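Each remark here refers to the structure printed beneath this line.
The values are calculated or read from the model by the stated rules, or taken from the named source; none is laboratory data. Quick caveat: nothing in here was measured; it's all calculated off a predicted structure. Cβ: placed from backbone, ideal geometry, glycine included. Neighbour counts: every protein chain shown. For the accessible areas, the whole protein counts, side chains as well, though only heavy atoms, and no ligand, DNA or RNA atoms are used. Shrake-Rupley method; radii C 1.70, N 1.55, O 1.52, S 1.80 Å.
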Amino acid sequence: TATFPTPTVTIAPGQFTKVSFSISPPSGVIPSNLPVFGGFVNLADSDGDPYSIPYVGPPYSLYNTPYILTQPASAGVELPSVFTYNADQSNVIYDTGLLEFVASNGFGGAIPTLQWTTEFSVSLLPANTNIKPNHYGFNTSIKYSYQPSAFPPNSTVFGHPSFGKLINNTGLQWPENNGPFASDTSVTGDNGVSWQVGNGDYRWFAAVLRWSGTSGRLEDYDTWLGPVIRFVNGTSG
């Protein structure tokens, strides 16, 4: 349904004007299905000649809809998820709060996105970070003894200390199941240099830029902070 506050507009030859109107989209749409609706605006000139103008768009707010898929453990594997393997990689072990990682065994994660975006990143932060995400991948009320890295953070993310990024994708990206996979503790710092952070306690921080959001402004991202990754046998340097 289209609503025009002014159903009749008069303009002189060679002139133009802007006409505002609102469209009520269909009800019951599911944003994660990426729905799109469209139609035509019909109009006629003073001589009665008909014209039509097509319109198309999403029937929901692209900015306000979720960008990161979150799923509780009760529905199966918790999402986003972080996991590691045992020594012979015969078993996957999910990190539900604090898990020791032997980097050489291999580890990874799944951070599914629901909308198109132009920025997706996963940063490695000190586990005691005070950054405020939209979603927590752990119980924030549980306390533990923090084991810092042997090296200080050399980068930042939204003004907070960071060791660097595991993923830093820019440009138009479709919804997909993103996730870092590695067998060492390497990250890429703000200076573009890859280095290994070594043993200590860390968290993954995922950030997805909302459509029409401003790059670099935290509130314009859908964000997730993961459980503690405790590297106990990683190569440092």
Inset, instruction - Please verify whether region 144-156 includes one or more residues that are buried (at least 20 other Cβ atoms within 10 Å of the Cβ) and more than 23 Å from the chain's Cα centre (by Cα). - result: yes
Legend entry - Matching residues in region 37-68 - criterion: being out of contact with any Ser or Thr (no Cβ under 9 Å at 6 or more places or on another chain), more than 23 Å from residue 7 (Cα to Cα) and among the polar types (S, T, N, Q): 61, 64
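Hey, could you check region 93-104 for residues that are of a type in the set (A, V, I, L, M) and open to solvent by less than 60 Å² (accessible area, probe 1.4 Å) and say which is nearest to residue 32 (Cα to Cα)?
Going through region 93-104, the residues of a type in the set (A, V, I, L, M) turn out to be 93, 98-99, 102-103.
Pick out the ones that are also open to solvent by less than 60 Å² (accessible area, probe 1.4 Å) and you get 99, 102-103.
Working: 99: 31, 102: 36, 103: 34 Å.
Top of the filtered list is 99.
So which of 11, 30, 23 ends up being within 26 Å of residue 112 (Cβ to Cβ) and without any contact (Cβ under 8 Å) to a residue 60 or more places away in the chain?
Working: 11 fails: within 26 Å of residue 112 (Cβ to Cβ); 23 fails: within 26 Å of residue 112 (Cβ to Cβ).
After ruling out the rest, the residue left standing is 30.
Based on this model, can you work out whether residue 41 counts as surrounded by 10 or more Cβ atoms within 10 Å (Cβ to Cβ), of a type in the set (A, V, I, L, M, F, W, C) and outside any strand (DSSP E or B)?
Working: surrounded by 10 or more Cβ atoms within 10 Å (Cβ to Cβ): yes; of a type in the set (A, V, I, L, M, F, W, C): yes; outside any strand (DSSP E or B): no.
Considered against the rule, which asks whether it is surrounded by 10 or more Cβ atoms within 10 Å (Cβ to Cβ), of a type in the set (A, V, I, L, M, F, W, C) and outside any strand (DSSP E or B), residue 41 comes out as no.
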Legend entry - Contacts under 6 angstrom Cβ, first residue in region 121-150 being without any contact (Cβ under 8 Å) to a residue 40 or more places away in the chain and over 24 Å from residue 184 (Cα atoms), partner in a loop (DSSP other than H, G, I, E, B) and of a type in the set (Ser, Thr, Tyr), 6 or more apart: none
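Could you check region 199-212 and list, in sequence order, the residues that are more than 13 Å from residue 100 (Cα to Cα) and touching a Ser or Thr at 6+ places or on another chain (Cβ under 9 Å)? Show your work before the answer.
Taking region 199-212 as the starting set, the residues that turn out to be more than 13 Å from residue 100 (Cα to Cα) are 204-212.
204, 205, 206, 207, 208, 209, 210, 211 - these are the residues of region 199-212 that are more than 13 Å from residue 100 (Cα to Cα) and touching a Ser or Thr at 6+ places or on another chain (Cβ under 9 Å).
Give the residues of region 65-88 that are loosely packed, with under 11 Cβ neighbours inside 10 Å and in a loop (DSSP other than H, G, I, E, B), sorted by residue number.
Let us first name the residues in region 65-88 that are loosely packed, with under 11 Cβ neighbours inside 10 Å, namely 72, 74-76, 87-88.
Within region 65-88, 72, 76, 87, 88 meet the criteria.
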Legend entry - Near pairs, Cβ below 7 angstrom, 6+ apart or cross-chain, from region 102-117 (under 19 Å from residue 64 (Cβ atoms)) to any residue that is charged (D, E, K, R): 113/176
Inset, instruction - May I ask you to say which residue of 140, 113, 118 is over 21 Å from residue 195 (Cβ atoms) and surrounded by fewer than 14 Cβ atoms within 10 Å (Cβ to Cβ)? - result: 140
Legend entry - Which numbered condition residue 62 fails, given (1) open to solvent by less than 90 Å² (accessible area, probe 1.4 Å); (2) outside any loop (DSSP other than H, G, I, E, B): (2)
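Answer yes if at least one residue in region 44-59 is assigned to a loop (DSSP other than H, G, I, E, B) and either under 25 Å from residue 174 (Cβ atoms) or touching a Leu at 6+ places or on another chain (Cβ under 9 Å) (or both), and no otherwise. Let's see the steps before the verdict.
Step one: of region 44-59, the residues assigned to a loop (DSSP other than H, G, I, E, B) are 45-49, 58-59.
Subsequent filtering for residues that are either under 25 Å from residue 174 (Cβ atoms) or touching a Leu at 6+ places or on another chain (Cβ under 9 Å) (or both) retains 58-59.
The answer is yes; a qualifying residue exists.
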Inset, instruction - Considering only region 153-171, state which residues are farther than 16 Å from residue 127 by Cα and touching a strand residue (DSSP E or B) at 6+ places or on another chain (Cβ under 6 Å). - result: 167, 168, 169, 170
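Could you please let me know if residue 4 is among the hydrophobic types (A, V, I, L, M, F, W, C), in contact (Cβ under 8 Å) with a residue 24 or more places away in the chain and either in contact with a Ser or Thr (Cβ under 6 Å, 6 or more places away or on another chain) or open to solvent by 70 Å² or more (accessible area, probe 1.4 Å) (or both)? Lay out the reasoning, then the answer.
Working: among the hydrophobic types (A, V, I, L, M, F, W, C): yes; in contact (Cβ under 8 Å) with a residue 24 or more places away in the chain: no; either in contact with a Ser or Thr (Cβ under 6 Å, 6 or more places away or on another chain) or open to solvent by 70 Å² or more (accessible area, probe 1.4 Å) (or both): yes.
So residue 4 fails the test.
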Inset, instruction - Could you tell me which numbered condition residue 163 fails, if it satisfies all but one of (1) within 30 Å of residue 74 (Cβ to Cβ); (2) buried (at least 18 other Cβ atoms within 10 Å of the Cβ)? - result: (1)
